[in-house]
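Peer 1: The structure follows.
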Amino acid sequence: MPKLSYLKALHRALRDEMDRDESVFVLGEDMNFALTNTTSGFLDRYGPDRVLEMPLSEQGFTNFATGAALAGRRPVVEFQIPFLLLLVFEQITNQANKFLLMSGGQRSVPVTYLMPAGGHRPGWGAQHSDQPYSLFAHMGVKTVLPATPTDAYGLLTTAIRDDDPVVVIGPLACLGVREDVDHADLVPVPLGKGRIHRAGTDVTLVATGHLVHEAIAVADDLAGEISVEVFDPRTVYPFDWDLLAESVGRTGRLVVADDTNRFSGLGAEVLATAAEELPLRVPPKRVSRPDGAVVGAAPELDAVLQPTREQIADAVRSVLKKSGWGT
């Protein structure tokens, strides 16, 4: 089977949707140069009417996309660094995402906000390394965080076809991930449906974005000691609580690995809901960035602030010890 990289999967999904539906177009900065390679070759393929080079005014062209969507188009807005989503937070959460209800269901706003450069990469600096997906989930914006190339293809495809605004975040640490996949098997992935990457019986390990791959590695490392079930929500909002309930129903124990700040992050929400509604045998654990973490450009400091494979493994062992497992 051919190898498919994460970045190529985003490129292929966007290309396939632009071929399928003439109402789809892409806009952003440096489109003509395809600096992220997501739109490589698009200008020659589709022309300047469907590949729009925008000025350095993210608030302006994000609202432009809202207007285009109201006029019947399906814009895909590509951002290149994470903080730009914070710059246009009001345009997405307070305008585009509320318009359907504010118009009494008369007008939808099918915009996709694609950021194939989300999250931490060493040396990127404090203002480029945030993971803002918890903020959009809190505001009720459909938000996806694919970890694999097939999910990147499937979730971006679904996001573009969705009639609501959807934020698609591709973590930097995932961009080089490759899978053996037949291109004919690439299909849309429904929003709100999680994925079990590895079955287990002792503990459910929820992981997001690039931490999914760390979680799988932990499960492999602990295989002779602990049976770890790796749960990937794929969609941050809406979250697949039903699948998580099934998993925790089997294991009775829960650990969450989440690459956002500890306070009010996605990990906090998963733990709170699990504590309220799921049959946990022991209190759950989470691994995240510290409260108020500011990831900078110093490699040693970055390493201290990032959730690590060792921290995840320690958390898994901890919930087993609390229940007296193995004694």
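The values are calculated or read from the model by the stated rules, or taken from the named source; none is laboratory data. Keep in mind that what you see is a predicted model, and the values were worked out from it rather than measured. Neighbour counts run over all protein chains shown; Cβ positions are idealised from the backbone, glycine included. For accessibility, only protein heavy atoms count, side chains too; no ligands or nucleic acids. Shrake-Rupley method; radii C 1.70, N 1.55, O 1.52, S 1.80 Å.
Peer 1: Return yes or no: is A275 open to solvent by less than 40 Å² (accessible area, probe 1.4 Å) and either of a type in the set (A, V, I, L, M) or assigned to a helix (DSSP H, G or I) (or both)?
Peer 2: The answer is no for A275.
Peer 1: In region 175-202, how many residues are farther than 30 Å from G252 by Cβ, within 15 Å of the chain's Cα centre (by Cα) and not in a loop (DSSP other than H, G, I, E, B)? Show your work before the answer.
Peer 2: Here is the first cut: in region 175-202, the ones farther than 30 Å from G252 by Cβ are 175-188.
Next, only the ones that are within 15 Å of the chain's Cα centre (by Cα) stay: 175, 177.
Within this subset, residues satisfying the condition of being not in a loop (DSSP other than H, G, I, E, B) are none.
Total satisfying the criteria: 0.
Conditions (1) open to solvent by 30 Å² or more (accessible area, probe 1.4 Å); (2) among the hydroxyl-bearing types (S, T, Y); (3) under 24 Å from F89 (Cα atoms), marked per residue:
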{"position": "Y153", "(1), (2), (3)": "no, yes, no"}
{"position": "V166", "(1), (2), (3)": "no, no, yes"}
{"position": "D180", "(1), (2), (3)": "yes, no, no"}
{"position": "L191", "(1), (2), (3)": "yes, no, yes"}
{"position": "I216", "(1), (2), (3)": "yes, no, no"}
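Peer 1: Assuming A303 fulfils every condition listed in (1) part of a helix (DSSP H, G or I); (2) over 22 Å from A126 (Cα atoms); (3) open to solvent by 10 Å² or more (accessible area, probe 1.4 Å) apart from one, which condition is it?
Peer 2: Looking at each condition in turn, A303 falls short on (2).
Peer 1: Of the residues that make up region 133-143, is at least one in contact (Cβ under 8 Å) with a residue 12 or more places away in the chain, open to solvent by less than 10 Å² (accessible area, probe 1.4 Å) and out of contact with any strand residue (DSSP E or B) (no Cβ under 7 Å at 6 or more places or on another chain)? It would help to see each step written out before you state the result.
Peer 2: Taking region 133-143 as the starting set, the residues that turn out to be in contact (Cβ under 8 Å) with a residue 12 or more places away in the chain are 133-143.
Still in the running and open to solvent by less than 10 Å² (accessible area, probe 1.4 Å): 133, 136, 141, 143.
Pick out the ones that are also out of contact with any strand residue (DSSP E or B) (no Cβ under 7 Å at 6 or more places or on another chain) and you get none.
No, because not a single residue in region 133-143 is in contact (Cβ under 8 Å) with a residue 12 or more places away in the chain, open to solvent by less than 10 Å² (accessible area, probe 1.4 Å) and out of contact with any strand residue (DSSP E or B) (no Cβ under 7 Å at 6 or more places or on another chain).
Peer 1: With respect to the numbered conditions (1) open to solvent by less than 20 Å² (accessible area, probe 1.4 Å); (2) over 20 Å from Y237 (Cα atoms), which one is the sole condition not fulfilled by Q106?
Peer 2: (1)
Peer 1: Quick check on my filter: what residues within region 1-39 are open to solvent by 60 Å² or more (accessible area, probe 1.4 Å) and either modelled with pLDDT of 90 or more or under 15 Å from Y113 (Cβ atoms) (or both)?
Peer 2: Within region 1-39, the subset open to solvent by 60 Å² or more (accessible area, probe 1.4 Å) is 1-3, 8, 19-20, 22, 32-33, 35, 37.
Passing the criteria: K3, K8, D19, R20, E22.
Peer 1: Give region 40-71 a look and list any residue that's aliphatic (A, V, I, L, M) and surrounded by 13 or more Cβ atoms within 10 Å (Cβ to Cβ), or say none.
Peer 2: If we filter region 40-71 for residues that are aliphatic (A, V, I, L, M), which is where we start, we get 43, 51-52, 54, 56, 65, 68-71.
Correct list: L43, V51, L52, M54, A65, A68, A69, L70.
Peer 1: A further question follows. Across region 203-247, which residue is farthest from A147 (Cα to Cα) among those that are among the β-branched types (V, I, T) and assigned to a helix (DSSP H, G or I)? Give the steps one after another, and end with the answer.
Peer 2: Filtering region 203-247 down to residues among the β-branched types (V, I, T) leaves 203-204, 206, 208, 212, 216, 218, 226, 228, 230, 235-236.
Narrowing further to those that are assigned to a helix (DSSP H, G or I): 212, 216, 218.
Working: V212: 7, I216: 11, V218: 16 Å.
By that ranking, first place goes to V218.
Peer 1: Let me ask something else. Being charged (D, E, K, R), surrounded by fewer than 22 Cβ atoms within 10 Å (Cβ to Cβ) and assigned to a strand (DSSP E or B) narrows it down to one residue among R250, R286, R281; which is it? Give the steps one after another, and end with the answer.
Peer 2: On the way: R250 fails: assigned to a strand (DSSP E or B); R281 fails: assigned to a strand (DSSP E or B).
That would be R286, the only listed residue that is charged (D, E, K, R), surrounded by fewer than 22 Cβ atoms within 10 Å (Cβ to Cβ) and assigned to a strand (DSSP E or B).
Peer 1: Which residues, taken from region 195-214, are open to solvent by 10 Å² or more (accessible area, probe 1.4 Å) and either closer than 29 Å to V141 by Cβ or of a type in the set (A, V, I, L, M) (or both)?
Peer 2: If the condition is that a residue be open to solvent by 10 Å² or more (accessible area, probe 1.4 Å) and either closer than 29 Å to V141 by Cβ or of a type in the set (A, V, I, L, M) (or both), then R195, I196, H197, A199, H210, H213, E214 are the ones that fit.
Peer 1: Then there's this: For region 251-293, give me each residue that is of a type in the set (K, R) and in contact with a strand residue (DSSP E or B) (Cβ under 7 Å, 6 or more places away or on another chain). Quick ask: steps written out before the conclusion?
Peer 2: First, the residues of region 251-293 that are of a type in the set (K, R): 253, 262, 281, 285-286, 289.
If the condition is that a residue be of a type in the set (K, R) and in contact with a strand residue (DSSP E or B) (Cβ under 7 Å, 6 or more places away or on another chain), then R253, R262, K285, R286, R289 are the ones that fit.
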